[in-house]
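A short worksheet on the structure shown next.
The values are calculated or read from the model by the stated rules, or taken from the named source; none is laboratory data. Computed from a prediction, not measured in an experiment: that's the story for all the values here. All Cβ positions, glycine included, derive from the backbone under ideal geometry; neighbour counts span all protein chains shown. Note: areas computed on protein heavy atoms with side chains; ligands, DNA, RNA excluded. Shrake-Rupley method; radii C 1.70, N 1.55, O 1.52, S 1.80 Å.
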Amino acid sequence: MLISTSRKPSQKTRKFCKDLAHATGSTSVNRGKMNMRELLLKALQLDEFNLAIVNEIKGNPSKITFYSNKGEILLAVLIGASAENDKMNIAPSKLKMVSQVKRLDVLSEILDIELVDNAEDNYILISSSDDLIAKINFINKFGDRINFQINVKKVLEVAND
C-alpha cells in the first residue's frame, strides 16, 4: 500500500505516515503537488495495489481514506493517533492481523495482511473500546505493544457495507 498525506501536512502527520508505513510494510511518499491521479499512478509504478491518504485537523492526523488502485474508496475512518519517538520494533514481513471489530476486518484485505483468530507475535490488534469504535495496536515479536496506536473514532465509509 502507498501511504501519503493531504496537501501541506504538518510534521506530526508526516511522521504518522512514516510510522504507519514502517509498521505495515507499506511505502510512504511525500505528496507535494501530486493530485489523486498522480498518486494512483505512483502507487502502480511502485507495485502497490492500494493507496491511503491521511488528512489532518489542526496539525494532527484525523482521517485515513483507503483507495483501490482504480480510485474507489475502500474504507474511510476518522482517527486519533498516539505515538512516541521510540523505534518501531516490528517485523512487517511476518505481520498478521487479529480483529475483534468485524467492520474493520476489511483492513486485512486492504493491507494484504492475513487475518487470524489469534497470533503470538508481530501482529496488528484491532480491539473494541467503550468510547471508540476500535483501537489499533501493533504487537512486536516479544509480545510488547509498541507505542504507536490508532484510535478509530468513526467509520465513514466501507466498500460493500
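A P(r) calculated from all alpha carbon pairs of the range 1-43, with 5 Å bins opening at zero, reads 5, 27, 31, 23, 13, 1 percent.
With N counted as the residues of the range 34-96, its alpha-carbon radius of gyration over 2.2 N^0.38 Å works out to 1.32.
Charged side chains reduced to their Cβ positions (Lys and Arg at +1, Asp and Glu at -1) give the chain a dipole of some 860 debye around its Cα centre.
Relative to the current alpha-carbon distance between N60 and D117, full extension at 0.36 nm per residue lengthens the span by 17.3 nm. For the range 109-116, backbone phi angles converted through the Karplus equation (6.51, -1.76, 1.60; θ = phi - 60°) give residue-by-residue couplings of 6, 4, 8, 6, 10, 5, 8, 10 Hz, Gly and Pro being listed as x. Taking amide H as placed 1.01 Å from N in the peptide plane, the amide H of L74 sits under 5 Å from that of F66, Y67, S68, each at least 5 places away or on another chain.
Using the Cβ-Cβ distance between K33 and S10 with R0 set to 30 Å, the FRET efficiency from 1/(1 + (r/R0)^6) comes to roughly 0.95. In a fully extended conformation the segment linking I73 and K102 would gain 8.6 nm over its present Cα-Cα distance, using 0.36 nm per residue.
Using the rule -39500 (n - 2.57) for each DSSP H run of four or more residues, divided by the residues of the chain, the 222 nm mean residue ellipticity is -5500 deg cm²/dmol. Calculated on C-alpha atoms, the gyration radius of the chain divided by its Kirkwood radius gives an Rg/Rh of 0.93.
With protein chains left intact and a 1.4 Å probe, residues in the chain average 56 Å² of accessible area per residue. Modelled label positions at K141 and L156, each set 7 Å beyond Cα in the direction of Cβ, lie 3.8 nm from each other.
Please list the non-local residues whose amide H lies under 5 Å from the amide H of N50, H modeled 1.01 Å from N, same-chain partners needing a gap of 5 or more. So N50 has HN proximity to L2. Among V106, V54, the order of accessible area from largest down is V106, V54, computed with a 1.4 Å probe on protein heavy atoms.
Each Cα pair under 8 Å and six or more residues apart adds its sequence gap; the mean of these over the residue count of the chain is a relative contact order of 21 percent.
If a spin label sat at a point 7 angstrom from the Cα of N89 along the line to its beta carbon, the backbone N atoms of the range 110-134 nearer than 14 Å would be those of 122.
Using C-alpha positions alone, give me the convex hull volume of the range 69-157 per residue in cubic angstrom.
Each residue corresponds to 111 Å³ of Cα convex hull volume.
State the Cα centre-to-centre distance between the range 97-123 and the range 29-84 in whole Å. Taking the Cα centre of the range 29-84 as reference, the centre of the range 97-123 is 20 Å away.
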